[in-house]
1. Can you tell me how much longer the chain between V80 and A147 gets when fully stretched, taken as 0.36 nm per residue apart minus their C-alpha distance, in nm with one decimal?
2. Taking the Cα-to-Cβ direction at S54 and at D101 and moving 7 Å from each Cα, how far apart do the two end points lie in nm?
3. Considering only the other residues whose Cβ falls under 13 Å of the Cβ of M84, what net charge follows from Lys and Arg at +1 and Asp and Glu at -1?
4. Work through the residues other than Y42 whose Cβ is under 13 Å from its Cβ and net out their charges, Lys, Arg +1 and Asp, Glu -1.
5. In nm, to one decimal, how far is the R32 label point from the D61 one, both placed 7 Å along Cα→Cβ?
6. For segment 76-134, which chymotrypsin sites (Phe, Trp or Tyr not before Pro) are in a loop by DSSP, counting at most 10 other Cβ atoms within 10 Å?
7. Expressed as a fraction of 2.2 N^0.38 Å, the rule-of-thumb size for a compact globular protein of N residues, what is the C-alpha radius of gyration of segment 87-168?
8. Percent of accessible area on segment 33-151 owned by carbon and sulfur, 1.4 Å probe?
Amino acid sequence: MWRIAGIVFFLGLMVAAGAAGQSGEDETETVRVEDSKGVVTYATDFSKAFGGGSLSAYRGDSKVEVPFERIAVLRTGRIVDSRMDVGLVLTTGRGLQVQLDRPEFESVYGGLTEFGNFRIRLAEVKSIEFSRRQKYDQSLGQRCPSAHIWYKETWRFCPYDGKALVPVKRSVPTTEEPRRR
Ligand SMILES: [Zn+2]
């Protein structure tokens, strides 16, 4: 009896460790989604609504599972014969052309926005850009493109204009800088 309890506990630990590793607790992710009507939405916690941390696709004759964490930009193309052309830019900077079958491009994706939940079918998406960043020094705050600075770590969007916030980086002095003598 105790032995079984021990094994269950051990399995529990492994699951917890795996989940923590996947969510990347020192990293946050914001996505910029442009839909087929040109409407842009910024969201966090964006993922496939029903499971799957990867994009199932065809690349030539092979089937590939591209983890979303390795995708920087996804652009959808035309649908011909129930296959959708998709252009990916990987986080390495390399481009990858793939095709999705109907169940994949009919998949619903969801995320959180400043105005609540957001859902969209991939077929209605024009592009998705993922931006990931390390956790930052909270005392420096976050800045929007219009230079408003905020100090709430949980905020992702500027309350004035709704633009995405980017952590302010501490300027690091380098030895490369010219020095006065
Ligand atoms: Zn702003």
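1. Numbers: separation 67, 0.36 × 67 = 24.12 nm, distance 4.40 nm.
Result: 19.7 nm gained on full extension.
2. Modelled inter-label distance: 1.6 nm.
3. On the way: positive: R75, R78, R83, R102, R121, K126; negative: D81, D85, D101, E104, E106, E124.
Local net charge: 0.
4. Details: positive: R32, R156, K163; negative: E29, E34, D35, D45, E114, E129, D161.
Surrounding charge for Y42 is -4.
5. According to this spin-label approximation, the distance is 4.0 nm.
6. On the way: sites: F105, Y109, F115, F118, F130; in loops: F115.
For chymotrypsin sites (Phe, Trp or Tyr not before Pro) across segment 76-134 that sit outside H, G, I, E and B with at most 10 neighbouring Cβ atoms in 10 Å, the list reads F115.
7. Values: Rg = 16.2 Å, N = 82, 2.2 N^0.38 = 11.7 Å.
Ratio of Rg to 2.2 N^0.38 Å for segment 87-168: 1.38.
8. Working: 3280 of 6880 Å².
Carbon plus sulfur share of accessible area: 48 percent.
The values are calculated or read from the model by the stated rules, or taken from the named source; none is laboratory data. The structure presented is a predicted model; accordingly, all values stated were derived computationally and were not measured. Backbone-built Cβ (ideal geometry, glycine too); neighbour counts: all protein chains shown. For the accessible areas, the whole protein counts, side chains as well, though only heavy atoms, and no ligand, DNA or RNA atoms are used. Shrake-Rupley method; radii C 1.70, N 1.55, O 1.52, S 1.80 Å.
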